[in-house]
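Participant: Please find one structure pasted underneath; my questions will follow.
The values are calculated or read from the model by the stated rules, or taken from the named source; none is laboratory data. Quick caveat: nothing in here was measured; it's all calculated off a predicted structure. Positions of Cβ are backbone-derived with ideal geometry, glycine not excepted, and every protein chain shown enters the neighbour counts.
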Ligand code: CAA
């Protein structure tokens, strides 16, 4: 399909594809098996300016938009979804700073993120706060010189590997969602340590870890936005980043489709390659339709955001939900095309199938995001253009 990408976007996409095929493909199975954070790949992404894409030019970035970021995430995920999310989580961890940071905060941190010197991460989720995001318990108590953070964050992507964390904590416990604030916390801050590292079904090369805060003093100047705006910042941030998760799903589904077509061409049963069987052809055709539909929606939402639209909560949730459901469906069907060998670790489809599941779960479960979409529909008055 013709998506009318700019010359720069085509260059970014093809560079990301080259990195994925030349640098990630040869090591993806080993990284997955060893559950090893892809540091060498992160260095390659840094050297090729991939972290500059989502940072404005005045902070040593390339000033790209949501679609540019989606193109990179998609291409990385086509080969390895764990690498793609490790990269995308840096954008997630930078986004509050990008949108709501002070000039001083941006000058201090963004150039290092752009160069890849520091990876970033975002920390909201806790044991008591998954879908119920405002049920966090981590507190940030105002003291002389800053805020004392106490609590434990859970399932934090890039946890332990990132140098800079955007952490959501309660500055006014009694005010719930309106009592949360956002803080920038550096890795080596006293009182900040890392707990349990999760052992996961999929995206195993990515790091998913607990963050532990014990009387961790964060300087006052590290608060992002105003006290009490942390929850709204978070919700707006997800509106911007969910298309990136859609792109992760599109890339993964694309990789699975390509693997299934290749296998169906060479696997001979009953004297013919199985791609000559109509039952297999129809499965492949449905997979191709679904991948293209997910890509079209994801790009359209990213373009809506890049056009300067003010409100895109619903569209952003749609891209994430639709693309991730399709990634699960396409990887499942791709494994069916592979038959028995697809279930074995010798072929990439087993990893792709495992990697797909989490995309329906993180950055808002697909159930909670359907609630979000339905809520927007209920609020709507009349017919929208
Ligand atoms: N933009 C602006 N404001 C928003 C908003 C948005 N998109 N969504 C909600 N708000 C505001 C509401 O207007 C409300 O403000 P008021 O108090 O002024 O009315 C406030 O935020 C609270 O909103 P709700 O009452 O709707 O919130 P809730 O407590 O019922 O939560 C939910 C509902 C917001 C949908 C929440 O369930 C949700 O988003 N859950 C998903 C959490 C999530 O995405 N976690 C991901 C963790 S990070 C991750 O997964 C990354 C990774 O590792 C890859």
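Participant: If residue 378 meets every condition in (1) without any contact (Cβ under 8 Å) to a residue 12 or more places away in the chain; (2) within 16 Å of the ligand (Cβ to nearest atom); (3) within 23 Å of the chain's Cα centre (by Cα) apart from one, which number is that one?
Facilitator: Condition (3) is where residue 378 drops out.
Participant: Assuming residue 310 fulfils every condition listed in (1) surrounded by 16 or more Cβ atoms within 10 Å (Cβ to Cβ); (2) at pLDDT below 95 apart from one, which condition is it?
Facilitator: For residue 310, the exception is condition (1).
Participant: Mind checking which residues of the range 154-176 are closer than 9 Å to residue 136 by Cα and within 13 Å of the ligand (Cβ to nearest atom)?
Facilitator: Passing the criteria: 168, 176.
Participant: Which members of the range 137-158 meet the condition of being outside any strand (DSSP E or B) and either touching a helix residue (DSSP H, G or I) at 6+ places or on another chain (Cβ under 6 Å) or crowded, with 18+ Cβ neighbours inside 10 Å (or both)?
Facilitator: Once the filter is applied, which keeps residues that are outside any strand (DSSP E or B) and either touching a helix residue (DSSP H, G or I) at 6+ places or on another chain (Cβ under 6 Å) or crowded, with 18+ Cβ neighbours inside 10 Å (or both), the range 137-158 yields 138, 158.
Participant: Quick one: is residue 95 more than 16 Å from the ligand (Cβ to nearest atom), in a helix (DSSP H, G or I) and crowded, with 18+ Cβ neighbours inside 10 Å?
Facilitator: No, not satisfied.
Participant: Tell me which of these residue 134 doesn't satisfy, since it passes every other one: (1) within 13 Å of the ligand (Cβ to nearest atom); (2) over 28 Å from residue 52 (Cβ atoms); (3) buried (at least 22 other Cβ atoms within 10 Å of the Cβ).
Facilitator: Here residue 134 meets the rest and fails (3).
Participant: Can you name the number of the only condition in (1) within 13 Å of the ligand (Cβ to nearest atom); (2) within 17 Å of residue 54 (Cα to Cα); (3) free of Cβ contacts under 8 Å to residues at least 24 places away in the same chain that residue 108 fails?
Facilitator: (1)
Participant: May I pose another question? What number of residues within the range 262-279 are in contact with a strand residue (DSSP E or B) (Cβ under 8 Å, 6 or more places away or on another chain), in a helix (DSSP H, G or I) and surrounded by 14 or more Cβ atoms within 10 Å (Cβ to Cβ)?
Facilitator: Going through the range 262-279 one residue at a time, the tally reaches 2.
Participant: Going by what's in this entry, would residue 345 be described as within 16 Å of the ligand (Cβ to nearest atom) and surrounded by fewer than 17 Cβ atoms within 10 Å (Cβ to Cβ)?
Facilitator: Answer is no for this residue.
Participant: Still on this model: If residue 257 satisfies all but one of (1) crowded, with 18+ Cβ neighbours inside 10 Å; (2) in contact with a strand residue (DSSP E or B) (Cβ under 7 Å, 6 or more places away or on another chain), what's the number of the condition it fails?
Facilitator: (2)
Participant: Residue check, residue 29 against (1) in a helix (DSSP H, G or I); (2) touching a strand residue (DSSP E or B) at 6+ places or on another chain (Cβ under 9 Å); (3) in contact (Cβ under 8 Å) with a residue 60 or more places away in the chain, all met but one. Which one?
Facilitator: Failing condition for residue 29: (2).
Participant: Is it the case, given these coordinates, that residue 81 is touching a strand residue (DSSP E or B) at 6+ places or on another chain (Cβ under 9 Å) and buried (at least 24 other Cβ atoms within 10 Å of the Cβ)?
Facilitator: Taking the combined requirement at face value, the residue does not satisfy it.
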